[in-house]
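The values are calculated or read from the model by the stated rules, or taken from the named source; none is laboratory data. Everything numeric here is computed off the predicted structure, so don't read it as measured data. All Cβ positions, glycine included, derive from the backbone under ideal geometry; neighbour counts span all protein chains shown.
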Amino acid sequence: RRVLVLNGPNLNMLGVREPDKYGHLSLDEIVEQLENLADVYHVRLDHFQSNSEAELIERIHEAWKDGTDFILINPAAFTHTSVALRDALAAVRIPFIEIHISNVYQREPFRKHSYFSDLAQGVIAGLGPQGYLLGLQAAAELMK
Ligand code: DQA
């Protein structure tokens, strides 16, 4: 089984970026924890972060070709803006979980709308970096 973790813009700055909202772990540290958990679940894990909408779309298309079974995506700011990224996920029809580190519902009104949530198998928000691990656990269960 193959899981792709996708992270959108500015998430390469985790650890440095607004730690009160996003915590102190770097993206590399989160990915390392995900890799350890993937081993436990006997899942193959791929990770891709990009600040570019086009690159994220291309990676989703690739996932369709490489037989990815499940996607965990934190679209970051594209959550609230990107019809194109939504359409890419709809096109490949790979089930996905939407993840947000912060509780987007506690923040500015423009963060309350997501272009992804109605297509997602589930949404995790506000539980910090641990949300990624919970997402992987759920994905492993859903792929059984
Ligand atoms: C985020 C929430 C988004 O509103 C924001 O633009 C991000 C990160 C989160 O993980 O909490 O970049 O997706």
Pick out the one residue from VAL16, VAL5, VAL43, VAL83 that is within 14 Å of the ligand (Cβ to nearest atom), of a type in the set (Val, Ile, Thr) and over 12 Å from the mean Cα position of the chain (by Cα).
-> VAL16
What pairs come up if the first residue lies in the stretch 65-81 and is assigned to a loop (DSSP other than H, G, I, E, B), the second is away from the ligand (no atom under 16 Å from the Cβ), and their beta carbons are under 7 Å apart, counting only those six or more places apart or on different chains?
-> GLY67/ARG2; THR68/ARG2; THR68/LEU4; THR68/ILE94; ASP69/ARG1; ASP69/ARG2; ASP69/VAL3; ASP69/MET143
Going through the stretch 1-30 in order, the residues found to be surrounded by fewer than 16 Cβ atoms within 10 Å (Cβ to Cβ) and assigned to a helix (DSSP H, G or I) are MET13, PRO19, ASP20, LYS21, ASP28, GLU29
When the stretch 109-143 is examined, which residues are found to be touching a helix residue (DSSP H, G or I) at 6+ places or on another chain (Cβ under 6 Å), within 12 Å of the ligand (Cβ to nearest atom) and of a type in the set (A, V, I, L, M)?
-> ILE124, ALA125
Of (1) over 23 Å from GLU141 (Cβ atoms); (2) among the polar types (S, T, N, Q); (3) within 12 Å of the ligand (Cβ to nearest atom), ASN74 satisfies every one except (1)
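Quick grid of which residues meet (1) modelled with pLDDT of 95 or more; (2) within 13 Å of the ligand (Cβ to nearest atom); (3) under 23 Å from ALA140 (Cα atoms):
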residue: LEU11; (1), (2), (3): yes, yes, no
residue: ILE30; (1), (2), (3): yes, yes, yes
residue: GLN33; (1), (2), (3): yes, no, yes
residue: ALA38; (1), (2), (3): yes, no, yes
residue: THR68; (1), (2), (3): yes, no, yes
residue: ARG107; (1), (2), (3): yes, yes, no
Leading residue by the ranking (surrounded by the fewest Cβ atoms within 10 Å (Cβ to Cβ)) among those in the stretch 90-105 that are in a loop (DSSP other than H, G, I, E, B) and within 9 Å of the ligand (Cβ to nearest atom) | ASN103
